[in-house]
């Protein structure tokens, strides 16, 4: 509870008390403050100019204390915070395990607990995939690779044969070397991040041979050759 503002409303929904991130034992209710705020222009009459002024710890308690027309709507859905690495890690696992009511995983469920995008390059007879797993579009998985959920693999990734990816979140365009064994890691923006938020810079640690950008193997298309092909095609069609 100490991570969120806490709201107390009357029977009409008017906010009569607001606490910014109280200790759990001091919370006035179990209704947390999150979502979208909509203000009338007159809100600026309550915000002092030319000075820092916090919405949660200053503005909202003031509005509630003045008994103004300050209302909240309670929405019937499960709230998952992803404001920190550990929260994002937890939320991803909850979604993959089907614990978030009403959330539909993207892609198609091609096998029980295995969801994929389009243009996947994988022979399921030669890899081991333990659900729940989501694999993004145009990702390639080599023979002998093992993927164990809860795991998310982004789009356009290359998981080489022999690699082990267990309980991980792998960003788009990531190449995982065949001798890599990744377990409970988030691979994002050239970083290897633990669920607690500790980060290892892949380049600084000279680990590009193990985890790298899959686009590095892409060969730039020679425009002069392209023009030559177009010219030859045009000539043959008019000849």
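The numbers here are math on the coordinates, done by the rules we state, and not lab data. Owing to the predicted nature of the structure, the values given are computational and were not obtained by experimental measurement. Using ideal geometry, Cβ is built from the backbone for each residue, glycine included, and neighbour counts are taken over all protein chains shown.
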Coarse-grained scattering of segment 85-217 at q = 0.10, 0.14, 0.16 Å⁻¹, given as base-10 log I(q)/I(0) from a Debye sum over alpha-carbon atoms: -0.28, -0.57, -0.75
GNM top mover of 104, 185, 24 - the chain, alpha-carbon springs below 10 Å: 24
Mean projected area (nm²) of the alpha-carbon convex hull when segment 105-178 is viewed from all directions: 3.8
Kirkwood hydrodynamic radius of segment 5-65, Cα pairs, Å: 12.6
For the chain, convex hull of alpha carbons as volume per residue, Å³: 263
Burial ordering of 89, 209, fewest other beta-carbon atoms within 10 Å first: 209, 89
All-pairs alpha carbon distance profile, segment 1-142, 10 Å steps from 0, percent: 9, 28, 24, 16, 14, 8, 1
Residue 58 paired with residue 31, simple spin-label distance in nm, labels 7 Å along Cα-to-beta-carbon: 2.6
Segment 107-149 - Debye-derived log10 I(q)/I(0), Cα point model, q = 0.15, 0.27, 0.30, 0.33 Å⁻¹: -0.29, -1.02, -1.23, -1.37
Full-extension gain in nm, residue 38 to residue 199, via 0.36 nm per residue minus C-alpha separation: 54.3 nm
D_trans [Stokes-Einstein, Kirkwood Rh over alpha-carbon pairs] for segment 66-159, 37 °C, 0.692 mPa s, µm² s⁻¹: 217
Residue 109/residue 75 FRET efficiency (R0 25 Å; Cβ-Cβ; nearest 0.05): 0.35
Over the chain: helical MRE at 222 nm, DSSP H runs n ≥ 4 each giving -39500 (n - 2.57), nearest 500: -4500 deg cm²/dmol
FRET E, pair residue 24, residue 208, Förster distance 41 Å, beta-carbon r, rounded to 0.05: 0.40
Computed label-point distance, nm, for sites residue 51 and residue 121 using a 7 Å Cα→Cβ extension: 6.2
Degrees, to the nearest 10: 223-238 long Cα axis against longest axis of the chain: 60
